[in-house]
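S.K.: Sharing a structure here in structure tokens format.
The values are calculated or read from the model by the stated rules, or taken from the named source; none is laboratory data. All values reported here derive from a predicted model rather than from experimental measurement. Cβ placement follows ideal geometry from the backbone for every residue including glycine, while neighbour counts extend to all protein chains displayed.
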Amino acid sequence: MEITAIFQIAGVGIIIAIMHTVLKQMGKEDIAHWITVLGFVIGIFMVIDVIAKLFQEIKSIFLFQ
Amino acid sequence: MEIIQVVGIGLIAALLVILVREQKPQFAFLITVFTGVFLFLLVIGKVGAVINVINELANRSGIPDVYLKTILKIIGIAYVAEFGAQMVRDAGQESIASKIEFAGKIFILVLAIPIINVIIETLLTLLPLGSS
């Protein structure tokens, strides 16, 4: 887990926003929305990993098991 | 000087959130969650060290193991509940956040019941009325 993941998520967001704008200009709004969903899922996968790690850590530290 | 690291990460994350929120609020939320978890993970190692010391002290002073475990569990529940509630509140769902906090309070109460029981029993043995 690295701090660069923050930049990765932000980068994905910006790129998706640009693609959304371009596709909207081309008149393909449905594809634009699907791309937004796809990017969001990619971001969620990044975040889920970290959250799982956090919960594991809390479990081990506070004697939950 | 890890505090400089923490402040730097917070500032950068806030900047990125402002940058992204205009176009795609979903990603702003993801960055917020990630930053929160990251900072939490950065600090929680230190908490573990402190808790180890407390554990050792409790072992040496002969306090029953159950009490310390209960207290640690309560602290853990409070941390997690607070964290989750804040994340959900950031997403704009005030009502779900308050439900999470409510559930945390209930779980803490359930964990505390054995200790309350012990206190009341001790009190009853101290009272002259209880023994008659």
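S.K.: Report yes if B:Ala112 is in contact (Cβ under 8 Å) with a residue 24 or more places away in the chain, out of contact with any helix residue (DSSP H, G or I) (no Cβ under 6 Å at 6 or more places or on another chain), closer than 27 Å to B:Tyr67 by Cα and not polar (S, T, N, Q), otherwise no. Don't jump to the end; show me each part of the working.
M.R.: On the way: in contact (Cβ under 8 Å) with a residue 24 or more places away in the chain: yes; out of contact with any helix residue (DSSP H, G or I) (no Cβ under 6 Å at 6 or more places or on another chain): yes; closer than 27 Å to B:Tyr67 by Cα: yes; not polar (S, T, N, Q): yes.
It is true that B:Ala112 is in contact (Cβ under 8 Å) with a residue 24 or more places away in the chain, out of contact with any helix residue (DSSP H, G or I) (no Cβ under 6 Å at 6 or more places or on another chain), closer than 27 Å to B:Tyr67 by Cα and not polar (S, T, N, Q).
S.K.: Then there's this: Please tell me if A:Ile14 is within 19 Å of B:Leu19 (Cα to Cα), free of Cβ contacts under 8 Å to residues at least 24 places away in the same chain, within 10 Å of chain B (Cβ to nearest Cβ) and of a type in the set (A, V, I, L, M). Give the derivation first.
M.R.: Details: within 19 Å of B:Leu19 (Cα to Cα): yes; free of Cβ contacts under 8 Å to residues at least 24 places away in the same chain: yes; within 10 Å of chain B (Cβ to nearest Cβ): yes; of a type in the set (A, V, I, L, M): yes.
The answer is yes for A:Ile14.
S.K.: Turning to a different aspect of this structure: Which of the residues that make up segment B:43-59 are within 14 Å of the chain's Cα centre (by Cα) and farther than 19 Å from B:Phe83 by Cα?
M.R.: B:Ile51
S.K.: Same structure again: Can B:Gly130 be described as within 30 Å of A:Met46 (Cα to Cα), at pLDDT below 90, out of contact with any strand residue (DSSP E or B) (no Cβ under 8 Å at 6 or more places or on another chain) and not charged (D, E, K, R)? Don't jump to the end; show me each part of the working.
M.R.: Numbers: within 30 Å of A:Met46 (Cα to Cα): no; at pLDDT below 90: yes; out of contact with any strand residue (DSSP E or B) (no Cβ under 8 Å at 6 or more places or on another chain): yes; not charged (D, E, K, R): yes.
Against the criterion (within 30 Å of A:Met46 (Cα to Cα), at pLDDT below 90, out of contact with any strand residue (DSSP E or B) (no Cβ under 8 Å at 6 or more places or on another chain) and not charged (D, E, K, R)), B:Gly130 does not qualify.
S.K.: Restricting to segment B:21-57, name every residue that is farther than 22 Å from B:Leu72 by Cβ and acidic (Asp, Glu).
M.R.: The answer is B:Glu22, and nothing else.
S.K.: Look at B:Ala91 and say whether it is within 26 Å of A:Phe40 (Cα to Cα) and within 14 Å of another protein chain (Cβ to nearest Cβ).
M.R.: Considered against the rule, which asks whether it is within 26 Å of A:Phe40 (Cα to Cα) and within 14 Å of another protein chain (Cβ to nearest Cβ), B:Ala91 comes out as yes.
S.K.: Further question: Going by the structure shown, is B:Ile18 within 30 Å of A:Ile16 (Cβ to Cβ), at pLDDT 90 or above, outside the structural domain of B:Val118 (by TED's automatic domain parsing) and buried (at least 16 other Cβ atoms within 10 Å of the Cβ)?
M.R.: Working: within 30 Å of A:Ile16 (Cβ to Cβ): yes; at pLDDT 90 or above: yes; outside the structural domain of B:Val118 (by TED's automatic domain parsing): yes; buried (at least 16 other Cβ atoms within 10 Å of the Cβ): no.
So B:Ile18 fails the test.
S.K.: Could you list, in sequence order, all residues of segment B:10-25 that are within 26 Å of the chain's Cα centre (by Cα) and either within 27 Å of A:Val37 (Cα to Cα) or not in a helix (DSSP H, G or I) (or both)? It would help to see each step written out before you state the result.
M.R.: In the first step, residues of segment B:10-25 are kept if they are within 26 Å of the chain's Cα centre (by Cα); the result is B:10-14, B:17.
Answer for segment B:10-25, where residues must be within 26 Å of the chain's Cα centre (by Cα) and either within 27 Å of A:Val37 (Cα to Cα) or not in a helix (DSSP H, G or I) (or both): B:Gly10, B:Ile12, B:Ala13, B:Ala14, B:Val17.
S.K.: From (1) more than 16 Å from A:Phe62 (Cβ to Cβ); (2) surrounded by 13 or more Cβ atoms within 10 Å (Cβ to Cβ); (3) within 14 Å of another protein chain (Cβ to nearest Cβ); (4) more than 13 Å from the chain's Cα centre (by Cα), pick out the condition that doesn't hold for B:Gln86.
M.R.: Among (1) more than 16 Å from A:Phe62 (Cβ to Cβ); (2) surrounded by 13 or more Cβ atoms within 10 Å (Cβ to Cβ); (3) within 14 Å of another protein chain (Cβ to nearest Cβ); (4) more than 13 Å from the chain's Cα centre (by Cα), the lone unmet condition for B:Gln86 is (4).
S.K.: Within segment B:38-49, restricting attention to residues that are more than 10 Å from chain A (Cβ to nearest Cβ) and modelled with pLDDT under 90, which residue is farthest from B:Gly104 (Cα to Cα)? Before the answer, list the steps.
M.R.: Taking segment B:38-49 as the starting set, the residues that turn out to be more than 10 Å from chain A (Cβ to nearest Cβ) are B:39, B:43, B:46.
Okay, now just the ones that are also modelled with pLDDT under 90, so B:43, B:46.
Details: B:Val43: 22, B:Lys46: 23 Å.
Checking each candidate, the answer is B:Lys46.
S.K.: Still on this model: Kindly indicate which of A:Lys53, A:Lys59, A:Lys28 is within 26 Å of B:Ile74 (Cα to Cα), out of contact with any helix residue (DSSP H, G or I) (no Cβ under 6 Å at 6 or more places or on another chain), free of Cβ contacts under 8 Å to residues at least 24 places away in the same chain and charged (D, E, K, R).
M.R.: Working: A:Lys53 fails: free of Cβ contacts under 8 Å to residues at least 24 places away in the same chain; A:Lys28 fails: within 26 Å of B:Ile74 (Cα to Cα).
Checking each option against the conditions leaves just A:Lys59.
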